[in-house]
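**Q** Have a look at the structure that comes next, please.
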Amino acid sequence: VVSGPPKALVDMSRWPYREIAALADRRGTMITRAQLLALGASRSSIDRAVALGRLYRVHHGVYSIAPPGIRPVPAAEHAALLACGPAAIISHWSAAWLHALLERRPSIVEVTVIGDRGRRRAGIEVHRVTALERADRTRVGRLPATSVARTVIDLSPRLADAELERLLDRALRKASRAAVHSALERAAGRPGTARLRALLDPARPSADAWSAAERRLLELIRDSGLPLPECNVPLGDHGWVPDLLWRAQRVIVEYDSWAFHSGPAAFHNDRARHNELTALGYQVIHVTWRDLSEHPERVLVWIAAALARADAV
């Protein structure tokens with residue numbers, strides 16, 4: 001049984017070149033099979049266009065009119081939205097990249113689908129919500145995306161303390177504290193919101209201030225001739241990531257901020273962690289922002305003494 005004419009006989013003379021180009025241009029060179037059919041292209045001519053290299057399959061039912069090497073920067077995001085349906089918006093790390101909160105483009109596109117009708121597609125990470133307030137949505141160019149504040153909230157459960165602090169400080173250059181507070185109210189009870197509220201304390205030193213103090217300490221360590229530490233690397237299979245680690249000497253420096261180390265739960269967890277590290281034979285030095293910013297030489301003396309004790313054993 002022949003299901004259609006041979007490819008060589010498919011009539012491409014009625015292929016709506018201009019209309020396809022105009023529609024795809026608004027979506028990063030992307031167009032869907034349904035849109036092609038609506039423009040008058042037949043199913044056989046679409047298949048023929050793919051075979052001839054006039055269309056490039058990106059996702060099931062989603063095509064690009066340009067090859068991968070020359071597509072505009074947000075083409076993958078347009079393709080993900082078309083693949084997941086009209087209830088999808090760019091979110092999480094992909095939204096962070098669109099908002100310039102992230103330097104490197106994520107390797108996978110993340111979208112949030114509002115409701116339960118969104119389609120899953122290979123190569124796209126889909127998050128589902130029952131509703132998303134208008135204030136938590138925006139547009140970046142032609143792309144619908146979560147707002148800056150909502151993006152930070154979505155990412156907060158994934159990030160370590162220092163990473164979340166840096167992300168929030170970048171976000172506060174693009175969104176007001178009031179906007180973040182409002183988004184937190186709408187997201188009450190979601191994971192990570194308590195940590196973000198603590199970080200919004202006006203008395204908290206910014207991540208830039210922390211980073212400058214940390215750099216100063218590392219410069220002092222380097223200039224003193226002491227061995228350089230490993231920075232933010234996992235410690236074995238324990239799941240801990242010390243801020244500074246001298247693995248051979250079993251010495252650890254932890255930067256303690258008020259935002260993350262206040263309250264009964266943090267009080268208990270910090271001491272349990274300290275005791276477990278001590279039981280494993282580590283010397284743990286706790287350093288505050290004031291120590292780093294006002295007395296970095298004193299911190300250097302603490303580190304040097306701990307390393308000397310380890311070498312003497």
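**Q** Sort 125, 254 by accessible area with a 1.4 Å probe, largest first.
**A** 125, 254
**Q** Give the carbon-plus-sulfur fraction of the accessible surface of the chain in %, rounded to a whole number; probe 1.4 Å, heavy atoms of protein chains only.
**A** 53
**Q** Turning to a different aspect of this structure: Could you please state, rounded to a whole Å, how far the C-alpha centre of the range 240-255 is from the C-alpha centre of the range 11-56?
**A** 58
**Q** If you find the alpha carbon centre of the range 67-87 and of the range 265-313, how far apart are they in angstrom?
**A** 49
**Q** Let me ask another. When a/c is below 1.5 the answer is rounded, else prolate if a/b is larger than b/c, else oblate, so apply that to the range 5-150 with a ≥ b ≥ c taken from the square roots of the Cα gyration tensor eigenvalues. Please list the in-between numbers first.
**A** Numbers: a/c = 2.44, a/b = 2.00, b/c = 1.22.
It comes out prolate by the Cα gyration axes.
**Q** Next question, about the same structure. Using r as the Cβ-Cβ distance of residue 22 and residue 105, and R0 as 25 Å, what FRET efficiency do you calculate, to the nearest 0.05? Working shown, then result.
**A** Details: r = 27 Å, r/R0 = 1.07.
Once the sixth-power term is evaluated, E becomes 0.40.
**Q** Right, here's the next one. Quick one: dipole size for the chain, taken about the Cα centre, charges +1 on Lys/Arg Cβ and -1 on Asp/Glu Cβ, in debye to the nearest 20.
**A** 1880
**Q** Describe numerically, in nm with one decimal, the distance between label points set 7 Å from Cα along Cα→Cβ at residue 158 and at residue 248.
**A** 3.7
**Q** Hey, another quick one. On a 1.4 Å probe surface of the protein chains, which of 130, 278 comes out largest in accessible area, and what is the full order?
**A** Ranked list, largest accessible area first: 130, 278.
**Q** Using only the C-alpha atoms of the chain, find the volume of their convex hull and express it per residue in Å³.
**A** Numbers: hull volume 60.3 nm³, N = 313.
So the per-residue Cα hull volume is 193 Å³.
**Q** In Å, what Rg and Dmax follow from the Cα atoms of the range 84-181?
**A** 13.0, 38
**Q** Using the basic label-point model (7 angstrom from Cα toward the beta carbon), what is the residue 268 to residue 230 distance in nanometres?
**A** 3.1
**Q** Also, I was wondering about something else. Quickly estimate the mean residue ellipticity at 222 nm for the chain, helices only: each DSSP H run with n ≥ 4 gives -39500 (n - 2.57), and the total goes over all residues, rounded to 500.
**A** Values: 14 runs with 139 residues, N = 313.
So the calculated ellipticity at 222 nm is -13000 deg cm²/dmol.
**Q** Same structure, new question: From the protein chains alone at 1.4 Å, what is the descending order of accessible area for 15, 289, largest first?
**A** 289, 15
**Q** Rounded to the nearest whole Å², what accessible area per residue is found for the chain with the 1.4 Å probe?
**A** Solvent-accessible surface per residue comes out at 54 Å².
**Q** Tell me the Rg and the Dmax, in Å, that the Cα atoms of the range 18-68 produce.
**A** Final numbers for Rg and Dmax: 9.6, 26 Å.
**Q** Have a look at the DSSP beta bridges in the chain and tell me what percent are antiparallel, nearest 5.
**A** Restricted to the chain, the bridges split so that about 60 percent are antiparallel.
**Q** Also, I was wondering about something else. Take the Cα of residue 135, step 7 Å along the line toward its Cβ, and report every residue of the range 153-180 whose backbone nitrogen sits under 12 Å from that point.
**A** Under cut-off, by backbone N: 178-180.
**Q** Related question: Give the relative contact order (percent, whole number) for the chain; include only Cα pairs under 8 Å separated by 6+ residues.
**A** Answer for the chain is 10 percent.
The values are calculated or read from the model by the stated rules, or taken from the named source; none is laboratory data. Keep in mind that what you see is a predicted model, and the values were worked out from it rather than measured. Don't worry about glycine lacking a Cβ; one is built from the backbone with ideal geometry, like all the others, and counts go over all protein chains shown. Ligands, DNA and RNA are excluded from the accessible area calculation, which covers all protein heavy atoms including side chains. Shrake-Rupley method; radii C 1.70, N 1.55, O 1.52, S 1.80 Å.
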